[in-house]
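Worksheet: one structure, shown below.
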Amino acid sequence: MIPYARDIFAEATGRLKKVGVDNPAGDVGRLLEFAFGSERRHQGTLGCINGENDSLEWFWNALAERERRRPMSQIIGRRMFFGQNFLVNSAVLDPRPESEILVIEALARKPACILDIGTGSGCILLSILSELQNATGVGIDLHDNALDVARNNSMRLGLADRARFVRSDWLSEVTGKFDLVVANPPYVSESEYRRLAPEIRHWEPRDSITLGKDGLQGYRSIAGSVGQHLSVNAELLLEIGMGQCTRVSKIFREKGFVESGVSLDLDGRKRVLAFHDEQAGARKSCAMIDLDDGRLAGGMRN
């Protein structure tokens, strides 16, 4: 018996709706599009599907994963961010649209050398480098699996010669100075984390989302050591969570930083805080990779 697209769509949508997926029809449409191509999807309810087709088998397997509340991005293996598709899996945080504000603010500063703390998929650093043809950057992350994803993304985007990814527990393996430091640290409190959707709690790396009871431990770790890696006139850009502006600003002011700006997201929420350090060293330098030992070493630039 040949299944009709309308019957498949109805059954699949009902299954996702039953387990509480927010947009079941939209997700089914995306899975059909990925399995059969956009032409198949736009045939709507009039198309019929060969029941022996490998694409149909993939679709039902993918639907079963979505029923488990696995994120769509992990099922199809990619996520759109700042106009480009990035490879993602369970080792990295799913790129969020609100993080694009961090990229926009970074581009406005036109840095030549960038450090990305907690790089994950590399989407923030690589989006910046894609727009700044002469810039270079280093992404650091504690997890090797995440760094593998970032490296793969850099190769797919043709940026491997300008981006380096290094394992580092916060800034412990970093030396040298940068024109710009960007970070999207874990900022969700423990109580907030328990209320997040299953797609986040069960599938995305916990320590990329929450760290410390109040969700601010990542900012404290950065504030304690990032100053020595900022060159003259350099800035630090931080993504923050809702209602955290005052507390994050206080953490950095206590370490000698001066707030230099705040940017709002599309919902009008304070999303990115900018700081500079008046005590930054007088010599500009750009961090490079020492290929002999894999560490970051300061390299002077004119």
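The values are calculated or read from the model by the stated rules, or taken from the named source; none is laboratory data. Note that the structure is predicted; figures quoted are calculated from it, not measured. Glycine gets a Cβ as well: all are built from the backbone with ideal geometry, and neighbour counts include every protein chain shown. Protein only, heavy atoms only, side chains kept; ligands, DNA and RNA dropped before computing areas. Shrake-Rupley method; radii C 1.70, N 1.55, O 1.52, S 1.80 Å.
Suppose the filter is open to solvent by less than 10 Å² (accessible area, probe 1.4 Å), more than 23 Å from LEU264 (Cβ to Cβ) and aliphatic (A, V, I, L, M); does LEU230 pass it?
On the way: open to solvent by less than 10 Å² (accessible area, probe 1.4 Å): yes; more than 23 Å from LEU264 (Cβ to Cβ): yes; aliphatic (A, V, I, L, M): yes.
Taking the combined requirement at face value, the residue satisfies it.
Quick one: which residue in VAL149, VAL138, VAL166 is surrounded by fewer than 20 Cβ atoms within 10 Å (Cβ to Cβ), modelled with pLDDT of 95 or more and β-branched (Val, Ile, Thr)?
VAL166 is the lone residue from the list that is surrounded by fewer than 20 Cβ atoms within 10 Å (Cβ to Cβ), modelled with pLDDT of 95 or more and β-branched (Val, Ile, Thr).
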Does the stretch 233-244 include one or more residues that are open to solvent by 20 Å² or more (accessible area, probe 1.4 Å) and either of a type in the set (Val, Ile, Thr) or within 24 Å of HIS143 (Cα to Cα) (or both)?
no
Which count do you get for residues in the stretch 169-202 that are under 19 Å from the mean Cα position of the chain (by Cα) and open to solvent by less than 50 Å² (accessible area, probe 1.4 Å)?
17
Can you tell me which residue among ARG206, ARG220, ARG194 is free of Cβ contacts under 8 Å to residues at least 12 places away in the same chain and not small (Gly, Ala, Ser)?
ARG194
Which of the residues spanning the stretch 84-109 are in a loop (DSSP other than H, G, I, E, B) and in contact (Cβ under 8 Å) with a residue 24 or more places away in the chain?
VAL88, ASN89, SER90, ALA91, VAL92, LEU93, ASP94, PRO95
Filter the stretch 61-105 down to residues that are closer than 18 Å to LEU266 by Cα and within 15 Å of the chain's Cα centre (by Cα), then give me how many there are.
14
Is there any pair linking a residue in the stretch 55-82 that is in contact (Cβ under 8 Å) with a residue 12 or more places away in the chain and open to solvent by less than 30 Å² (accessible area, probe 1.4 Å) to one that is of a type in the set (S, T, N, Q) and in a helix (DSSP H, G or I), with Cβ under 8 Å and at least six apart or on different chains, and which?
PHE81/SER99; PHE81/SER127
Applying the selection to the stretch 110-135, what residues are outside any loop (DSSP other than H, G, I, E, B), under 10 Å from the mean Cα position of the chain (by Cα) and more than 15 Å from SER263 (Cβ to Cβ)?
CYS123, LEU125
